[in-house]
1. Along the charge dipole of the chain, Cβ charges K/R +1 and D/E -1, which of Ser353, Cys179, Pro251 sits furthest on the positive end?
2. How far is the Cα center of the stretch 107-177 from the Cα center of the stretch 48-90, in Å?
3. Where the Cα atoms of the stretch 340-436 are projected onto their three principal axes, how long is each span, largest first, in whole Å?
4. Which of Trp460, Trp75 comes first, and how do the rest follow, when ranked by fewest Cβ neighbours within 10 Å?
5. Along each of its three principal axes, how wide is the spread of alpha-carbon positions in the chain, in whole angstrom units, largest first?
6. Whole-Å semi-axes of the stretch 126-205's equivalent ellipsoid, largest first, each the root of 5 times a Cα gyration tensor eigenvalue?
7. If you keep only loop residues by DSSP, which chymotrypsin sites (Phe, Trp or Tyr not before Pro) in the stretch 7-50 have at most 14 other Cβ atoms within 10 Å of their Cβ?
8. With +1 on each Lys and Arg Cβ and -1 on each Asp and Glu Cβ, how big is the dipole of the stretch 368-465 about its Cα centre, in debye rounded to the nearest 20?
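Every number in this text was worked out from the coordinates using simple rules, so none of it is lab data. All values reported here derive from a predicted model rather than from experimental measurement. All Cβ positions, glycine included, derive from the backbone under ideal geometry; neighbour counts span all protein chains shown.
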Amino acid sequence: MKFLPKTYDVLVIGGGNAALCAAISARREGASVLVLEAASKFYRGGNTRHTRNMRCAHDAATDTLTGPYPEEELWDDLLRVTEGETNEELARHMIHESKEMLTWIAEQGVRFQPSLGGTLSLGRTNSFFLGGGRAMLNALYRTAAKLGVEVRYDAEVVDLDITDGFFQSATFKQQGKPCGVKAASMVAAAGGFESNIPWMKEYWGDAAENFLIRGTANNRGTILRLLLDKGVEAVGEPTQCHAVAIDARAPKYDGGIVTRLDCVVFGIVVNKNARRFYDEGEDVWPKRYAIWGRLVAAQPDQIAYIVFDAKSLEMFMPSAYLPFTASTVHELAVALGLDPAALETTVQDFNASVRAGSFDHTILDDCRTEGLQPPKSHWARKIDTPPFYAYPVRPGITFTYLSVRVNKEARMVMADGRLAANMFAAGEIMSGNVLGKGYAAGIGMTIGSVFGRIAGREAWRVVRN
Ligand SMILES: Cc1cc2nc3c(=O)[nH]c(=O)nc-3n(C[C@H](O)[C@H](O)[C@H](O)COP(=O)(O)OP(=O)(O)OC[C@H]3O[C@@H](n4cnc5c(N)ncnc54)[C@H](O)[C@@H]3O)c2cc1C
């Protein structure tokens, strides 16, 4: 196999937010840096292309954030969503470092804008990228190029030469042929394994065939697998992931944000037997949207239907697809391929249990069901005003949490407890260190940016020393 003639100080594997933050950070410290991105230039940037915002602690309102979000509050939020399944030392370190991130990332050319409407009420806590994730990435790539970071596209890394925690070289595919590259240190920022359906099936069984992947088809976990096989310690439970309910008509990969459906709280959700299976009004939507992927994954054939009526049609952000519509519940069931009598019974039982209240979807209102199992605890209104509507939904997997273990310097930890000599990780591939389960909107980009910046700096430090 041929090797590239140059040996780099830092090799970065991946081409999303975590990779670019690492590359820029290492280069700014003085390292020579090569980025290997599996995607073509047009599709560069993995899941980061689809993002809109990130969640960083800050002590005061800014031009684009409506108020302070202290470190302790972000920690409380993380603790709540993960139900304590997080590494406190790493998480607190990330949160502390996130305060600098809003300035640092802006220094790399990224611009922010005020929160968009209909985006889960994040105006105080989350910074929105002007132009979205794609514009954010373009800014990072521009800065990296200006600084002299080298990038190769269509360069999927397929093997790593690692001996006893010491990285020596990587093999990547270039126009179908293997090519080697040597580097003094390495940062793995190649995402999770969400796009690898056979791997997902090891834990989810055949259900995984029905999962839709919201982001890139390139995050197949090749690097994660290689690292774990070569002795890096695993962290996180393999079925834990971020998964939301998305339109069942979305493409298998890369449907992005426009396929997500935020109308669960306005109606009822039934499975293919036209039966309800969970409290649609359990809590405010920003705290619950990320549980619905798993809930639908547990239903027969991994399909469900959000059913609502004309009163709610314009109360949520529309998705890329039109809802199914009909003038009766019976006809709606026929259009969806459900048993009409079963759906009519479910809707009638639901309607009969609704207790009158003052409907307000911005608070935990008093509109609820009585004597119904499962209950709908808030925002319960009768489904009685035609036309009737429904969206079919499937589990939309955003990213997986099974990870390589890292320390505060983003340095990989080997299964025998020793630190890897020259291997670092950032982003999804180490997200399980912080996210044992659950999710707080915007934290994916915080994990990538904070640990990417640290990983790049530290990867160069071990070389320099
Ligand atoms: C639809 C959608 C919306 C989202 N919205 C948000 C949001 O608003 N805020 C937020 O915080 N998070 C959001 N997320 C999650 C967020 O995208 C991720 O947490 C974040 O982008 C992860 O960054 P990363 O660099 O680790 O991974 P990615 O951005 O996915 O980058 C991984 C890179 O590795 C490359 N790669 C993979 N395998 C190889 C290989 N073998 N060799 C070379 N390269 C390889 C891929 O091509 C890709 O470029 C969203 C995700 C999706 C799918």
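1. The listed residue farthest towards the positive side: Cys179.
2. A separation of 20 Å, based on Cα centres.
3. Principal-axis extents of the stretch 340-436 (Cα, largest first): 65, 30, 23 Å.
4. Trp75, Trp460
5. The Cα atoms of the chain stretch 72, 47, 39 Å along the principal axes, largest first.
6. Output for the stretch 126-205: semi-axes of 26, 23, 14 Å.
7. Answer in residue order: Phe42.
8. It comes to approximately 200 debye.
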